[in-house]
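Visitor: My questions all concern the structure below.
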Amino acid sequence: MNEYFDSERFIEDIPKILPQLSVTFSIVGISIFLGTILGIIVAVLRIKNIPILHQILGIYISFMRGTPLLVQMMIAFYGIPLLIWNLFQININDWSPVVFVDIAFILNEGAFLGEIFRSSILAVDSIQTEAGYSIGMTKTQTFLRIVLPQSIRMILPSYGVDIIGVFQNTSLVFTVGGVLDIMGRAKTIGTATGHTLEAYLVVAFTFVIISLILRFVFYLINEKIRYESKIKVDKRKKHIENL
Amino acid sequence: MIEITNLKKSFGKHEVLKDVSLKIKKGEVVTIIGPSGSGKTTFLRCINFLEKADDGKLTIGDISVDLKKTKKKEILNVRRKTAFVFQNYGLFSHKTAIQNVMEGLVVVKKIPRDEAKRIGENVLDWVGLLDKKDYYPSQLSGGQQQRVGIARAVALDPEVILFDEPTSALDPELVGETLDVIKKVAKKGITMVVVTHEMAFAEEVSNKVIFMDGGKVVEEGTPKEIFMRPKEERTKEFLSRFITKDMYYI
C-alpha cells in the first residue's frame, strides 16, 4: 500500500469495469422509458383534478421528492416482497434485486417527471387546444398531437438534466442486494485487490464521459427541434453580412 | 343552412348572451358588428362549442343539437362541419404552414397523406403562401399566419367558417392582405360568419349585417340597411363614427 495510484492498475481495471455499464444502462433506459410514461399519466391525472386521486398523487409525489432515492430503493427491495407475500401468498424473494431497483427508479422518475410535465402541459397556450378542437380533433388527439409535443419541446433541457441525474443516481444501486453496476464492480475489485482508488477513478471517468456525451446529444436534439432556431440563424447571418 | 335559436350564455352571474337567434342561408356572408363586450365573440365561440352555451338550439345542415345537453359525439360532429379562424391565428406552433393545413385533413378527415399534401399546397397557393409552406408560424408575419389560419379552415371544406375578429391583432399594413383573402373566401361561395370591427369590409362583403349590443341582436339587415338607414338609435350611435356624410347621400 505504499503507492496511492498506479496507472497500470488503472488501465487494467478498465476492461473489468466497463462491461458492467450494461447493467447501468438497462436501469437508466427502463426507468426513463417507463418513468416518462408514468410521469405523463401522473401529470394528466393531476391536471384533471379528480377528487381523492388528486390527493393520493400529491402524497405520492411528496414522498418521492421528499425521501432519498436510496431509502426508496431499500423500501422497494425489502417491502415489495413482503407486501406481495401478504397479499397474494406469492414468494418473490428470489427475484433479481435489479427488478426492485428498477421499480424504485421508475416510481421516483414518475414523480419528478410528472411535476415537470404538469407545469409544461399547463404552459402550452390554451389557444393551441382550441385550435385542435376547432378542426374537429377529439380531446385525446389534441392532447397527443398538439399539446404533448409542444410541452415536451419546452421541457427538453430539464429532461436532459434529469436523465443525467438518473444516470448518476445509478451509482447507489450496488448497496441494494449487491446489484453489480460499474460502481458495484469497482467496489468488488477494491475488496479483492486492496486497491480501491484506481477502480473508483475509472468509474468517475466513465461517469464524466457519458454525462458529457448525453449533454451533447441533448444539445443537438434541442437545436434540431427548436423551430425558432432557423430564424435565429438567419438573423445571425444577416448580422454578420452587415458587419 | 345554419340556424341558431334562443342561445343563452352566462359567465357566473353576468349574462353575456340573452336569447340570440340567427338564421344563415347557404353561401351567405354574415358579419356581426358591435361594441366590445356585446357578446359577439362569445356567440361565435358557442357555435363551435369552444364555449358551452347554457341554452338554445343549433342546426347545421342535417344535424340539430340541443345546446343545454349536448353529447360529446354531437359536439364533435358540429365541429367537423365548422371551421374557426382565431383572432390570434391559433396556428400549431410546432408545425409548419403545410403541416398546419394538413393536420385536420389527415387526422380528422382521414385523407391519405399524399392527397392531403396536394390539397394543402393548393390551398396555400390560393392564399398566396405556397413559397412559405415549410415555414413555422414563428417565422411568418401576423398577416401570413392569419392567411395560413384561413387556409387551414378552407382546406377542411366546412359548411361554415367562423371568423373571430380575424384582423384585430394585425398592424394596419397587414390588414389589407388578410381582408383580401377573406373576400376571396366569400367569393368562393363558402358560408361565413365574421365578427369584425372593419366596417368598410363588412359593408363590402356581407349579405347580412348583425348589430349586437348588451348580449342581444339589436338590429339586422343588409349592409345598406344597417350602414345607411339604421333604424335603431343604438345602431346609429355606434355607427356615427364610421358613417361618413357621403354614405348618407348615396
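The values are calculated or read from the model by the stated rules, or taken from the named source; none is laboratory data. Bear in mind that the values here come from a model prediction, so they are computed numbers and not experimental data. When we count neighbours, we look across all protein chains shown, and the Cβ atoms used for this are built from the backbone with ideal geometry, even at glycine. Note: accessible area is taken over every heavy atom of the protein model, side chains too, but ligands, DNA and RNA are not part of it. Shrake-Rupley method; radii C 1.70, N 1.55, O 1.52, S 1.80 Å.
Visitor: For the range B:1-58, count all C-alpha to C-alpha pairs, find those more than 13 Å apart, and express that count as a whole percent of the total.
Guide: Numbers: 989 of 1653 pairs.
Considering the range B:1-58, 60 percent of its Cα-Cα pairs are separated by more than 13 Å.
Visitor: Let me ask something additional. If you average 1/r over every pair of different alpha-carbon atoms in the range A:153-193 and take one over that average, what Kirkwood value in Å do you get?
Guide: 11.7 Å
Visitor: Regarding the range B:17-159, what is the average projected area of its C-alpha convex hull, in nm²?
Guide: If you wrap the Cα atoms of the range B:17-159 in a convex hull and average its projections, you get 9.6 nm².
Visitor: Just the Cα atoms of the range A:7-242: what Rg and Dmax do they give in Å?
Guide: 22.0, 76
Visitor: Sequence neighbours fewer than 8 away in the same chain don't count; with that in mind, list the aspartates and glutamates whose C-alpha is under 17 Å from B:Lys231.
Guide: B:Glu203, B:Asp213, B:Glu219, B:Glu220
Visitor: Positive end of the charge dipole of the range A:66-164 (Lys, Arg +1 and Asp, Glu -1 on Cβ, about the Cα centre): tell me which of A:Ile103, A:Leu82, A:Val124 has its Cα farthest that way.
Guide: Positive-end residue among those listed: A:Val124.
Visitor: Same structure again: Which lysines, on any chain, are close to B:Lys69 with Cα under 23 Å apart, when same-chain ones fewer than 8 places away are left out?
Guide: Within the straight-line limit of under 23 Å, B:Lys69 reaches these lysines: A:Lys48, A:Lys139, B:Lys8, B:Lys9, B:Lys13, B:Lys18, B:Lys23, B:Lys40, B:Lys52, B:Lys57, B:Lys81, B:Lys216.
Visitor: Another question, if that's okay. For chain A, set up a Gaussian network in which alpha carbons nearer than 10 Å are linked by springs, and say which option among A:Thr36, A:Thr191, A:Thr170 fluctuates the most.
Guide: Highest fluctuation among the options: A:Thr191.
Visitor: Which value, in nm² and rounded to one decimal, describes the direction-averaged projected area of the C-alpha convex hull of chain B? Show your work: numbers first, answer last.
Guide: Numbers: hull surface 55.3 nm².
That works out to 13.8 nm², a quarter of the Cα hull's surface.
Visitor: Who wins for biggest fluctuation among A:Leu87, A:Leu38, A:Leu53 in a Gaussian network model of chain A, springs between alpha carbons below 10 Å?
Guide: A:Leu87
Visitor: Nothing charged except the Cβ atoms of Lys and Arg (+1) and of Asp and Glu (-1): what's the magnitude of the dipole of the protein assembly as shown about its Cα centre? Round to the nearest 20 debye. It would help to have the intermediate numbers written out before the result.
Guide: On the way: 62 positive and 54 negative charges, 291 e Å.
Charge dipole of the protein assembly as shown: 1400 debye, to the nearest 20.
Visitor: How big is the charge dipole of the range B:2-240 about its Cα centre, in debye rounded to the nearest 20, if each Lys and Arg gets +1 on its Cβ and each Asp and Glu gets -1 on its Cβ?
Guide: Computed about the Cα centre, the dipole is about 980 debye.
Visitor: Also, I was wondering about something else. Can you show me the helix-derived [θ] at 222 nm for chain A, built from DSSP H runs with n ≥ 4 at -39,500 (n - 2.57) apiece and divided by the number of residues, rounded to the nearest 500. Write out the running numbers ahead of the final one.
Guide: Working: 11 runs with 190 residues, N = 243.
So the calculated ellipticity at 222 nm is -26500 deg cm²/dmol.
Visitor: Compute and list, largest first, the equivalent-ellipsoid semi-axes of the protein assembly as shown from the alpha carbon gyration tensor, each √(5λ) rounded to a whole angstrom.
Guide: Working through the eigenvalues yields semi-axes of 61, 27, 18 Å.
Visitor: Still on this structure: Give me Rg over Rh for the range A:1-147, both radii from the alpha carbons and Rh done the Kirkwood way, two decimal places. Spell out each step's value before the answer.
Guide: Working: Rg = 21.5 Å, Rh = 18.6 Å.
Here Rg/Rh amounts to 1.15.
Visitor: Once every DSSP H run of n ≥ 4 in chain B is given -39500 (n - 2.57) and the sum is divided by its residues, what mean residue ellipticity at 222 nm do you get, rounded to the nearest 500 deg cm²/dmol?
Guide: For chain B, the value works out to -11000 deg cm²/dmol.
Visitor: Still on this structure, please answer the following. Please go through the range B:82-131 and write out the trypsin sites (Lys or Arg not before Pro) that DSSP classes as loop and that have at most 14 other C-beta atoms within 10 Å.
Guide: Of the trypsin sites (Lys or Arg not before Pro), the ones in loops of the range B:82-131 whose Cβ has at most 14 other Cβ atoms within 10 Å are B:Lys110.
Visitor: Could you pull out every one of the lysines with an alpha carbon less than 27 Å from that of A:Lys224, ignoring same-chain neighbours closer than 8 positions?
Guide: A:Lys232, A:Lys235, A:Lys237, A:Lys238, B:Lys95, B:Lys117, B:Lys132, B:Lys133
Visitor: Here's something else I'd like to know. Place a +1 charge on the Cβ of each Lys and Arg in the range B:64-203 and a -1 charge on the Cβ of each Asp and Glu, then give the dipole magnitude about the Cα centre in debye, rounded to the nearest 20.
Guide: 940 debye
Visitor: What is the helix-to-structure angle for B:172-187, meaning the angle in degrees between its Cα long axis and the longest Cα principal axis of chain B, kept from 0 to 90 and rounded to the nearest 10?
Guide: Orientation of helix B:172-187: about 90 degrees from the principal axis.
Visitor: Something else now. Using the alpha-carbon atoms, what tilt in degrees (0 to 90, nearest 10) does helix B:113-126 show relative to the longest principal axis of chain B?
Guide: 50 degrees
Visitor: Relative to the longest principal Cα axis of chain B, at what angle does helix B:142-155 sit, 0 to 90 degrees, rounded to 10?
Guide: Here the helix axis deviates by roughly 80 degrees.
Visitor: Hey, another quick one. Most mobile of B:Glu232, B:Glu165, B:Glu198 per a Gaussian network model of chain B (Cα springs, under 10 Å)?
Guide: B:Glu232
Visitor: Take the Cβ-Cβ distance between B:Thr222 and A:Leu220 as r, set R0 to 60 Å, and report the resulting FRET efficiency rounded to the nearest 0.05.
Guide: Once the sixth-power term is evaluated, E becomes 0.50.
Visitor: Specify the longest stretch of chain A that does not include any exposed loop site, a site being one of the chymotrypsin sites (Phe, Trp or Tyr not before Pro) with a non-H, G, I, E, B DSSP assignment and at most 11 other Cβ atoms within 10 Å.
Guide: That would be A:6-243.
Visitor: Still on this structure, please answer the following. Taking 0.36 nm per residue of sequence separation and subtracting the Cα-Cα distance, how much length would be gained by fully extending the chain between B:His14 and B:Glu173, in nm to one decimal?
Guide: So the extension gain works out to 53.6 nm.
Visitor: Rounded to the nearest 100 Å², what's the accessible area chains B and A bury against each other, both chains counted, probe 1.4 Å? Each step should come with its number before you reach the end.
Guide: Details: alone 12330 and 14660 Å², together 24770 Å².
About 2200 Å² of accessible surface is lost on pairing.
Visitor: Select from the range B:1-32 those trypsin sites (Lys or Arg not before Pro) which occupy a DSSP coil region and have at most 13 other Cβ atoms within 10 Å, ordered by residue number.
Guide: Sites meeting the loop and neighbour criteria: B:Lys13, B:Lys25, B:Lys26.
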